[in-house]
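**Student:** Once you've had a glance at the structure underneath, I'll fire off some questions.
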Amino acid sequence: MLKRSFTALLLPWFDTNKRPMPWRNTRDAYAIWVSEVMLQQTQVATVIPYFERFLRRFPSVADLAAAPLHDVLVLWAGLGYYRRAKHLHKCACTVVNLYGGVFPTDAASLQELPGIGRYTAAAIASIAADQSVAVLDGNVKRVLARLLALRVDVSRPAATARLWDIAESLVPLARPGDYNQAMMELGATVCLPQSPRCDACPAQSLCRAAACGRQHDIPRKRPARVTPTMHCAAAAIRHGNRWLLVQRPNEGLWNGLWELPTIWSRPPRDTAAAQRAFCKLLAGKVEKIRPIVTLQHQLTHRRIDCTLFAGEMKASQAKAMVQASRGRWVSRADELPTSRLTAKLIAAASAALRGVK
Ligand code: SF4
């Protein structure tokens, strides 16, 4: 009963109110997969230009599989959560090897692929192939918990399992892809975490939380986490109009990406200590080290406070760095796969040193 009346209210609302998004104009499983991976932890407005660039450069899964990982990471730079790009590339290679480059569209096969979980598999299968399988992300969890007035902490595994069952019981046979997108859209634009817009909600007449005025207490809030702060010092070392980048280790945060030479553990507090520390880090002579700016950078679960120093290097040292494969000189951050923090630091250094010879 709830299933039929909810769908009957939700789908016409979605048809009228859905926001235009480039991946909504296609049933290509590959394009839908790329959009779903990009949208994990990232806002729609940020994703759109990345998605369009990515599809222009890699129009098919075979194109993506054939590209070097380096090119994928360069295109991903600034989008964050770089592991997603590595999974994307690995998964594309698997699709080419196992399926000859034809992207599977049934949820069970999709879930066997590297980096594709139940949510992404269901999104692709329902949107690309009308398979009646449910999605469950943070937005859908919140909508369902409120619709049924479930005072649960949706981050708990038991609550998640229950919500998966409810989600599967509600997804219709007709237009399951639109239904899933409508659920996500409702959570993202109407049934908002802090201030649900119940007056604009197509499901208000069915919603148990709204009926008893409990929509602000449902789902149950988790205690706020304290965000840790990491301190570091980075050096913008200039040679001509180029900047020295070094590669991060292949593990941990931003693994394998390129960054300005950075001291993460016990960063120096003054110029003399920074001069010594950067010379030691680069096993070479870094000259004229001086602080230029302090920047904050917010990640999902931590904050980074970075003191940026400017420095210089003699031509012979600069050449030796490259010959020893210990660094690369770039004029722009997007020549190599870098994090958004690195791009921000290079922009700050360029602005601070503009006009300085
Ligand atoms: Fe969410 Fe309000 Fe709609 Fe209920 S009526 S689903 S609380 S927006």
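**Student:** At 0.36 nm per residue, minus the direct Cα-Cα distance, what do residue 288 and residue 160 gain on full extension? Give it in nm, one decimal, please. Please list the in-between numbers first.
**Tutor:** Values: separation 128, 0.36 × 128 = 46.08 nm, distance 5.57 nm.
Stretched out fully, the residue 288 to residue 160 stretch lengthens by 40.5 nm.
**Student:** Right, something else. Could you check the spin-label model distance between residue 69 and residue 2? Points 7 Å from the Cα along Cα→Cβ, value in nm.
**Tutor:** Placing both labels 7 Å beyond Cα along the Cβ direction yields 4.5 nm.
**Student:** Can you tell me, using C-alpha contacts under 8 Å and at least 6 residues apart, the relative contact order of the chain as a whole percent?
**Tutor:** Numbers: 550 pairs, mean separation 55.3, N = 357.
The normalised contact order for the chain reaches 15 percent.
**Student:** What is the local net charge at residue 143, summed over the other residues whose Cβ is closer than 13 Å to its Cβ (Lys, Arg +1; Asp, Glu -1)?
**Tutor:** Its environment carries a net charge of +3.
**Student:** So what's the Cα pair-distance distribution over the chain, bin width 10 Å, in %?
**Tutor:** 5, 21, 25, 21, 16, 9, 3, 0
**Student:** Using a cut-off of under 17 Å, list every residue of the stretch 189-219 whose amide N is near the label point 7 Å from the Cα of residue 15 along the Cα-to-beta-carbon line.
**Tutor:** Residues 202-203 qualify, since their backbone N sits under 17 Å from the label point.
**Student:** By a straight-distance test (C-alpha under 22 Å), which lysines pair with residue 18 as possible cross-link partners, with residues fewer than eight away in the same chain excluded?
**Tutor:** By straight Cα distance, residue 18 reaches 3, 141.
**Student:** If R₀ is 35 angstrom, what is the calculated FRET efficiency for the pair residue 83 and residue 242, using the beta carbon separation as r and rounding to 0.05?
**Tutor:** Details: r = 29 Å, r/R0 = 0.83.
Between residue 83 and residue 242 the formula returns 0.75.
**Student:** Moving to a separate point now. From largest accessible area down, sort 36, 251; use a 1.4 Å probe on the protein chains. Don't skip to the answer; put the middle values down first.
**Tutor:** Working: 36 15, 251 135 Å².
Correct descending sequence by accessible area is 251, 36.
**Student:** Which percent of the accessible heavy-atom area of the stretch 1-159 goes to carbon and sulfur, probe 1.4 angstrom? The partial results should precede the final answer.
**Tutor:** On the way: 3820 of 7070 Å².
The C+S portion of the solvent-accessible surface of the stretch 1-159 is 54 percent.
**Student:** Here's something else I'd like to know. How much length, in nm to one decimal, is gained on full extension between residue 173 and residue 221, taken as 0.36 nm per residue of separation minus their Cα-Cα distance? If you can, show how the numbers build up before the last one.
**Tutor:** Working: separation 48, 0.36 × 48 = 17.28 nm, distance 3.32 nm.
Net length gain for the segment: 14.0 nm.
**Student:** Also: Let me check something: with ligands and nucleic acids excluded, how do 105, 160, 16 order by accessible area (1.4 Å probe), largest to smallest? Before the final figure, lay out the partial values.
**Tutor:** On the way: 105 55, 160 30, 16 110 Å².
Descending order: 16, 105, 160.
**Student:** Show which aspartates and glutamates lie in cross-link reach of residue 86 when reach means a straight Cα distance below 19 angstrom and same-chain residues fewer than eight apart are skipped.
**Tutor:** Partners found: 36, 52, 63, 71, 112, 251, 259, 334, 335.
**Student:** With Cβ to Cβ distances under 13 Å as the rule, what net charge do the other residues near residue 331 carry (K, R +1; D, E -1)?
**Tutor:** On the way: positive: 238, 242, 328, 332; negative: 334, 335.
Overall, the nearby charge balance is +2.
**Student:** As a quick test, which of the pairs 288/319; 90/221; 280/319 have an alpha carbon distance above 25 angstrom in this structure?
**Tutor:** Working: 288/319 18 Å; 90/221 37 Å; 280/319 18 Å.
Too far apart for the 25 Å limit: 90/221.
**Student:** What net charge is computed for the residues neighbouring residue 198, neighbours being all others with C-beta under 15 Å from the C-beta of residue 198, Lys and Arg scored +1, Asp and Glu -1? It would help to have the intermediate numbers written out before the result.
**Tutor:** On the way: positive: 142, 146, 197, 208, 214; negative: 199, 217.
Charge balance near residue 198 sits at +3.
The values are calculated or read from the model by the stated rules, or taken from the named source; none is laboratory data. This one's a predicted model, so the numbers in the text were calculated from it and none came from an experiment. Please note: Cβ atoms are built from the backbone with ideal geometry, for glycine as well, and neighbour counts cover all protein chains shown. Ligands, DNA and RNA are excluded from the accessible area calculation, which covers all protein heavy atoms including side chains. Shrake-Rupley method; radii C 1.70, N 1.55, O 1.52, S 1.80 Å.
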